[in-house]
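Input: a single structure, listed below in structure tokens.
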Amino acid sequence: MIPGQDPTPDNIPEIRKTAIIDRELLRLRVDIAGLQETRLSDEGSLREENYTFFWKGRHESQRRDYGVGFAVHNKLLACMEPPTYTSERLISMRLITSTGPVTLVSAYAPTLASKSDVIDSFYDELRLLMESIRSSDKIIVLGDFNARIGSNSTDWSDCIGAHGIGNMNDNGQRLLEFCTSHGLCATNTFFQNKVAHKVSWRHPRSGHWHQIDFVLYRRRDLRDIHNTRTYHSAICDTDHSMVLSKMKLLPQKIYSARPRRKLRAPLDITGLSDVATRSQFSAVVQGKLSVETLQGSQSLESAWTNFRDTVMKTAEETLGRKVRKQTDWFAEYEQVLHPLIEEKRSAYTDYLNNPSDAHCEIRYKRAKANLQRISRECANSYWTKLCMKIQQCHDVGNYRGMYQNIKVAIGPTIRKRAAIKDLNGEPITDKNQQLERWAQHYTDLYAEPQSALRL
């Protein structure tokens, strides 16, 4: 779970921060991450090298506040249903496991300074979402609740374990009341960890650490949780630390009646532009497809099959297939940036362990500034080289190469999702209501006879 956004983030293009988070999640071996305060507009998905990101935010015309999402490992995409986009503060998805479906919810609650009606609206939406989940499903709520629940395990024995921390505030009481009504518990408080591994956010003025990010789970299924603790080593440009929960769940693929075709990468025909490769391919094909071989075929169909298989096999051996590699400036200079990121992580960890040591603070600031400087130089160098490639391809008339490099410059495709709306223009999130809306649409479409046009 990665909540929060750094108020002074590194000078990195916003959408490409997913590449950095992708590497950090892979390093920590995270399967599914809940994201809060993403500050991305509308809703959509983006596939990176190792993870696919789903998000829900405010409308594009509104200010980029709030926002929630998920980062799902690509190997688990076949085990999950499409996410349900409730609002800019709530998003949910369903994961199929060997012990039954698991519904995951990513939530971002209002702060303590928010108005009471805003907080009430959030918990009303969360309550409606919880009521729509099947009672047989296991529930995991990953959230930045901006709440302190304290350590009073006597009065809240079903929600708080014996290892809570701090005192309870008003938002904490609201959260505990919600957990009590839905049989949930804060797993952060049920495991004995160091104090540093319990807190996840430091107050910018007082400098005190608090526990405001929680992983909620059904109390009856608490035996599935191995441990829940905070990892401060994740560098994701956020003022919160990552809260990681280890669970005993075995995902299963979702099988459909129609089998999925396994798509193969296309042949790399760009090799035919090389004279030596083209000559080699022609010589191999002529050697395998002689006139006697084709005339010896029993039928025209067998001759065509032999010709097709021989050409395709020779092309795959000679030319090979395209390697779908998603490149950007970060991936291009990852070997240069990786030691700097590790140096920044080490300095940041020392600074967290010794916050009053001026030497550790200076070392962290220098490491951060050095990483920012080198990142800008790498990004500028990457874009300069790419622009020169596009210009050179245009000058020599290589329009295929020009458009391929333009696609590289545009970056990975962001998949937007068009919401299904009712007659009043309001988006529909419930699946049953969406099916009813489709049925109503086609009933109205084909109910009235269409008058034929005469020309």
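Data overview
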{"quantity": "Of all residues in region 318-337 being farther than 25 Å from Arg278 by Cα and of a type in the set (Val, Ile, Thr), the one that is modelled with the highest pLDDT", "calculated": "Val336"}
{"quantity": "Selected residue [in a helix (DSSP H, G or I), closer than 30 Å to Ser200 by Cα and either among the hydrophobic types (A, V, I, L, M, F, W, C) or at pLDDT below 90 (or both)] from Arg437, Arg366, Arg345", "calculated": "Arg345"}
{"quantity": "Checklist (1) within 31 Å of the chain's Cα centre (by Cα); (2) surrounded by fewer than 23 Cβ atoms within 10 Å (Cβ to Cβ); (3) free of Cβ contacts under 8 Å to residues at least 40 places away in the same chain; (4) outside any helix (DSSP H, G or I) applied to Asn152, failing item", "calculated": "(1)"}
{"quantity": "Filter pass, Asp120 being in contact (Cβ under 8 Å) with a residue 24 or more places away in the chain and either charged (D, E, K, R) or buried (at least 20 other Cβ atoms within 10 Å of the Cβ) (or both)", "calculated": "no"}
{"quantity": "Pair list, Cβ < 6 Å and 6+ apart or interchain, from region 423-450 residues that are surrounded by 12 or more Cβ atoms within 10 Å (Cβ to Cβ) to residues that are modelled with pLDDT of 80 or more and of a type in the set (S, T, N, Q)", "calculated": "Ile428/Gln434; Thr429/Thr84; Thr429/Thr86"}
{"quantity": "Number of the condition not met by Ser299 [criteria: (1) touching a helix residue (DSSP H, G or I) at 6+ places or on another chain (Cβ under 9 Å); (2) modelled with pLDDT under 85]", "calculated": "(1)"}
{"quantity": "Candidates Thr305, Thr293, filtered to the one that is over 29 Å from Arg400 (Cβ atoms) and either surrounded by 13 or more Cβ atoms within 10 Å (Cβ to Cβ) or in contact with a strand residue (DSSP E or B) (Cβ under 8 Å, 6 or more places away or on another chain) (or both)", "calculated": "Thr293"}
{"quantity": "Among the residues listed as Ala367, Ala303, the single one being free of Cβ contacts under 8 Å to residues at least 24 places away in the same chain and of a type outside the set (D, E, K, R)", "calculated": "Ala303"}
{"quantity": "Residue in region 257-277 that is more than 30 Å from Ala315 (Cα to Cα) and surrounded by 12 or more Cβ atoms within 10 Å (Cβ to Cβ) present", "calculated": "no"}
{"quantity": "Positions within region 262-290 being closer than 19 Å to Arg400 by Cβ and outside any helix (DSSP H, G or I), in sequence order", "calculated": "Ala265, Pro266, Leu267, Asp268, Asp274"}
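The values are calculated or read from the model by the stated rules, or taken from the named source; none is laboratory data. Fair warning: this is a prediction, and the values are worked out from it, not measured in the lab. Note: ideal-geometry Cβ built from the backbone for every residue, glycine included; neighbour counts use all protein chains shown.
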